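Quick notes on the structure that follows.
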Ligand code: DX5
Ligand code: ZN
C-alpha cells in the first residue's frame, strides 16, 4: 500500500519559531502543513489566523492544509485563500449553507473539505460528494492537541472509505480521506488500514525532535 501522506499539525510546534518548525517538517518529508484555526466560539480555544499563514507561506513549498474550527466560516475563506492556503476544511454545522461554502472555497482556487466531529454523522457527505475534495474525520473533539484517539473512528473511517470508493467507481472525482486527533506510532497502521489517505499528527511529531531540532526519525517512522 502507498505510504500515507502526513500532515503535521503546527498547533504543537514551538510558536516562537514557527518558520523554522515548518521548514524542519518539510525537510523531514512531511506532505502538508496542517494549520489549526480556533476562534473561541466554535471551539473553546484561540490560535492563529491569515496573517500567520501569509508569514509562513514563503518558508515551505508543501501545501498548507487549513483546518477552520470557526463559526461563521464564509468571511474567512477569501482571507485564507489570499494568505496561501491550498486546502480549506470547515465544520459543516458552523456554516449556514454548506454547499455554498464548498463552492466558495473552490472558487478561490483551493481544495474544499468538511470536517466531521466524533459525534457528527457521515450523512453530511450525502448530497455533497461532487463538491468535496477531502473529508476530515476528527478522532478527538476539536479544540486541543494531545488528546486520545477515539477507537470507534476506525469503523467510521471504513464506512467513509466505502462511500468514497462507490463515488469514484461511478466516475466521481477523487476525495481524500483525512484523520485528525491522537494519531501516534502505535495506531497509525490501523488508521491507514481502515482507509485514511492523510494523517494529521501534532503532539506525536513535535514532541519528538531529534538532537538537532529535526523530525526525520519520527516522520519516517509514522510513514511506514
Ligand atoms: C484538534 C486539532 C488537531 C490537533 C492534533 O482540534 O484539529 O489538528 O492539533 O493534535 P494531536 O495529534 O496532538 O492530537
Ligand atoms: Zn486539525
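Every helix of 4 or more DSSP H residues in the chain counts as -39500 (n - 2.57), and over all residues that averages to -8500 deg cm²/dmol at 222 nm.
Most tightly packed first, judged by the mean number of other beta-carbon atoms within 10 Å of their residues, the peptides 67-80, 143-156 read 67-80, 143-156.
Peptides 97-104, 6-13 ordered by packing proxy, namely the average of other Cβ atoms within 10 Å per residue, highest first: 6-13, 97-104.
Just check region 1-41 against the gyration tensor rule for me: Cα atoms, a ≥ b ≥ c as the square roots of the eigenvalues, rounded for a/c under 1.5, and otherwise prolate or oblate depending on whether a/b exceeds b/c. Because a/c hits 1.5 or more and a/b fails to exceed b/c, region 1-41 counts as oblate. Spatial offset of region 125-158 relative to region 1-44 amounts to 17 Å, using the alpha carbon center of each.
Taking every alpha carbon pair in region 113-224, what does the distance histogram look like in 10 angstrom bins from 0, in percent? Spelled out bin by bin, region 113-224 gives 14, 44, 29, 11, 2 percent.
Expressed as a rounded percentage, what relative contact order does the chain have, with Cα pairs under 8 Å and six or more residues apart?
Working: 446 pairs, mean separation 48.9, N = 224.
Across the chain, relative contact order equals 22 percent.
Using the C-alpha atoms of the chain, what convex hull volume per residue, in cubic angstrom, is computed?
Working: hull volume 25.3 nm³, N = 224.
Convex hull of Cα atoms, per residue: 113 Å³.
Normalised by residue count, region 139-204 yields a Cα convex hull volume of 78 Å³ per residue.
Since every read-out is calculated from the coordinates, none of them should be taken as a lab result. Only a predicted model underlies this, so the values are computations on that prediction, with no experimental measurement involved. All Cβ positions, glycine included, derive from the backbone under ideal geometry; neighbour counts span all protein chains shown.
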